[in-house]
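A short write-up of the structure that comes next.
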Amino acid sequence: MAAMAGCLAKFLVALVSACAATAQDALLVPERIAEFVEIYCFDCHEGDTAKGKLDLTVAPADRVGQLARWSRMRERVHTFEMPPVEDSDVPVEVTVAERQEFAAWVDEMLAREVPKLAVDPGQVTVRRLSRGQWRNTVRDLLGVTVDTSGFPADDLGYGFDSIGDALTFSTLHLEKYLAASSEVARAVFHGEDPANPERRMFEAVAMRLVNNRGASMTGGVANLYTNATIEQAVEVPRDGIYQLRISAAGRQAGDEAAKMLLELDGKRREVFAVANTSSKDFVVEAQLKGGRHKVALSFTNDYYDPKNADPKRRDRNLRIDALEVIGPIDARPVPPEQRWLRASLKGRTDAAQLRSMIKTMLPKLWRRPATAKERDRLQRAGSQRLQAGESKVSVQRFVLAAALTSPHFLFRLEDSAKSVAAEPLSGPEYVARLSYFLWASAPDDDLRAFGRSRSFGNALVVTEKVQRMLEDARSERLASDFAAQWFSLRALADTTPDPDRFAGFDDELRHAFRRESELLFLAILREERDVRELLDCNFTHVNERLATFYGLPHDGEPEQFVRTELIGDALVRGGLLGHASMHAITSNPTRTSPVKRGKWLLDTLLGQAPPPPAPGSDAFENEAAIDDSATLRQQMAKHREAPKCAVCHVRMDVLGLAMERFDAIGRFRKQDGAGVIDASGELPDGRKLDGLVSLKKVLAQDPAFVRTLTHKLFVYAIGRDLRPVDRLRIDLEVRRLLTQGKVTLRDLILVVVRDPAFSQRARNP
């Protein structure tokens, strides 16, 4: 055995040091590690029949591949995936101590060897702005909010909509961008002039007659002989002050003039005494919301006395000629986001305004300085339109819409390295990566100045900028965008529990489920809490509906989400795994699914996605499903009895069953039908579980959670999947952080932005 181990040790040295520059770089593998691989790995991973196509007798071609192989082996051994538990091909049972020793040696070796690797930042495919990023960018730069729900849905790559390879561009995209850009341009350059407001005339004869007891809609006017009402729907373009001008005449009878009641949206607004026999204008100003309103005009004091001595005083009537809506008459407020654009236009002639606007606008919208050629091209197009007689406002709209539909706005464009394998990003490229990572939007003025300074290689300055960005309100998008995608919260929209079994589940609950989980992520971020509190903490956020659903108190307005401290049995709701959102998206329409829940935990939270089911396993599961005499736990035990299924289900099922006390929409329960739920289990490493409380503690202690969170942040930020060299560097930094104790989201974000792949670019092949 010693001679064999010695040979094997030499072989393992080759695996790690084949690319070493000198003999001094060679890595000596301890004999105990060599023996571990020989005993537990070679029977399955040797030669042409090697399982998983992993042949340990063939060395990877490069140093990165060699270290990555060791890292993968370490994870498989640590998680008990390899060597498989109760695998007949393994001659002896591997002990927990042996697994720990193997993992510790690999960790120590990687910590020594990974820093020696050459930097290769990889390549990122040109990225189109996702619909969320497009909406945020327009809102942050121009103060205009556009509903992008009608845009084509963004395809996902590695779970996110920020991946260049997945963000396709179609003719439908172009159509939507053109329409939306024109809408934005009209909102910014609205053409309103308070001194000459828009006037909309409605003839009374064309208005709708209500409760006609004696009226004539002829002769171009509305003659109201009895108490009657005419009404008109009016559309106003924006919130503002409007003038309602009614042209009317009356015939007085008795002691009163004719009275005309003006109502707005069903509410009494003004009563006019109409004593004049010829047309006169009656005016009222009103603050109206943009949109549709109903204006009603009523004759309210009909009078008729045929015996009056004065024939002209016998019959009181009201005549309405027209309604005119004027406005808005107030100056349109300029959103703070547009002040930079307005400043570029102030005090200049039309031609000079156009030039100044283009010079100021393009660097903000295109996230880089515009060339003189680019500015001149747009200037000529605008000038030609001015010379052809188009209005200044029309040309301004054209120029803005052209900038918004340019590829330089719609796509995040980055150059390739010119002559070396890797080189730093330009300042504008770097700050664009930073802003779309943390804000899902364009850089602000401070970040653009930071990019021009080219000080982003200074770690202290980068830390300061990241801290400012995380304190900014825009960082909430990390919760609504990154976290919502990582947690699969968007799947709630497609969750359809059986209405007969789960009556009361509706869109209101869907929203509350999602918001609770987003607010947890935001609290961990803003309060600089340990990221493992995402899994286990003593608080949550609920509105009145969700509080009632959970049986928790709620002190606030019904729709207000308030922070609730958890004590006693309610502690089960602390952390992501206690949220109804997680239970709903991992269940079937009619019942829970421990397999789905276990798989979600492994894949989403631990980065240990189980392989696809073995051939023939579908038939096995269908057979199990029809065994009505067996409990769910008994049926699932069959997974672990079958050798082809046990390698995955020995962990997955135990994790899923630990959450079985929550039904398919997240309600806590102790029974499933007539049976008492058994949420106990034992993991392959001997750790025991008994429900969610113990599960949360086990997962929070697993370094795989922090490592996976960092991987997800990296993929979301960079816009591509991790390559082996990325994973090696990131994992090394995470292990360093874990030795320090508390780990915050800020810590992990800094790991990502300080990584060479974030600040450098590779040369295109």
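Bear in mind these aren't lab numbers, they're just calculated from the coordinates by the rules spelled out. In this text the structure is predicted, and so the values were computed from the model without any measurement. Cβ: placed from backbone, ideal geometry, glycine included. Neighbour counts: every protein chain shown.
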* Applying the Karplus parametrisation 6.51 cos²θ - 1.76 cosθ + 1.60 with θ = phi - 60° to the phi angles of the range 316-321, what ³J(HN,Hα) value in whole Hz is obtained for each residue in order, glycine and proline being reported as x? -> 9, 9, 10, 10, 10, 8
* Over what distance in Å are the Cα centres of the range 461-526 and the range 255-285 separated? -> 52
* To do: Select from 578, 704, 322 the residue farthest towards the positive end of the dipole of the chain; place +1 on Cβ of Lys and Arg, -1 on Cβ of Asp and Glu, and compute about the Cα centre.
  => 322
* **Backbone HN-Hα couplings from phi across the range 292-300 [Karplus 6.51/-1.76/1.60, Hz, Gly and Pro as x]** => 9, 9, 10, 10, 10, 10, 10, 8, 10
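Would you mind checking 465/599; 176/359; 289/392 for any pair whose Cα atoms are more than 30 angstrom apart?
Exceeds cut-off: 465/599.
Could you tell me the calculated FRET efficiency between residue 393 and residue 211, based on Cβ-Cβ distance and R0 = 35 angstrom, to the nearest 0.05?
Result of the calculation: an efficiency of 0.20.
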* Structure fact -> Sorted by chain and then number, the residues having a modelled amide H within less than 5 Å of the amide H of residue 761, at least 5 places away or on another chain, are 423, 425
* Just need the Rg to Rh number for the range 199-326, please, alpha carbons only, Kirkwood Rh. => 1.00
* Structure fact -> Extension length gain for residue 416 and residue 245 (0.36 nm per residue less Cα distance), in nm, is 55.2 nm
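Over the range 331-400, what is the mean sequence separation of C-alpha contacts under 8 Å (at least six apart), divided by residue count, expressed as relative contact order in percent? Write down the numbers at each step before the final one.
Working: 38 pairs, mean separation 16.8, N = 70.
For the range 331-400, the relative contact order is 24 percent.
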* How compact and how long is the chain, expressed as Rg and Dmax of its alpha-carbon atoms in Å? -> 35.1, 136
* For the range 136-187, state the semi-axes of the equivalent ellipsoid (square roots of 5 times the eigenvalues of the alpha-carbon gyration tensor), sorted largest first and rounded to whole angstrom. => 23, 14, 8
* Structure fact -> Rounded to the nearest Å, the spacing of the alpha-carbon centers of the range 391-440 and the range 678-695 is 50
* So which aspartates and glutamates can residue 294 reach, going by Cα to Cα under 12 Å and dropping same-chain residues fewer than 8 places off? -> 231, 235, 263, 265
* Asked: So what's the back-of-envelope 222 nm ellipticity for the chain, counting only DSSP H runs of four-plus at -39500 (n - 2.57) apiece and dividing by all residues, rounded to 500?
  -> -12500 deg cm²/dmol
* When the Cα centres of the range 567-584 and the range 347-367 are compared, how far apart do they sit, in Å? -> 53
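How would the range 401-464 be classified by its alpha-carbon gyration tensor: rounded, prolate or oblate, with rounded meaning a/c under 1.5 and the a/b versus b/c comparison settling the rest?
oblate
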* **Length-normalised contact order for the chain - Cα pairs under 8 Å, 6+ apart - percent** => 13
* To do: Starting with the highest mean, order 681-688, 523-530, 554-561 by the number of other Cβ atoms within 10 Å, averaged over the residues of each peptide.
  => 523-530, 681-688, 554-561
* Which shape class, rounded, prolate or oblate, goes with the range 538-589 when its Cα gyration tensor gives a ≥ b ≥ c as root eigenvalues, a/c under 1.5 marks rounded, and past that a/b bigger than b/c marks prolate? -> oblate
* **Nonlocal amide H pairs with residue 259, under 5 Å, H built at 1.01 Å** => 274, 300, 301
* Asked: If the cut-off is 21 Å between C-alpha atoms, which lysines fall inside it for residue 312, apart from same-chain ones fewer than 8 positions away?
  -> 259, 280
* Set of lysines near residue 742 by C-alpha distance (under 19 Å), chain-local residues within fewer than 8 positions excluded -> 696, 697
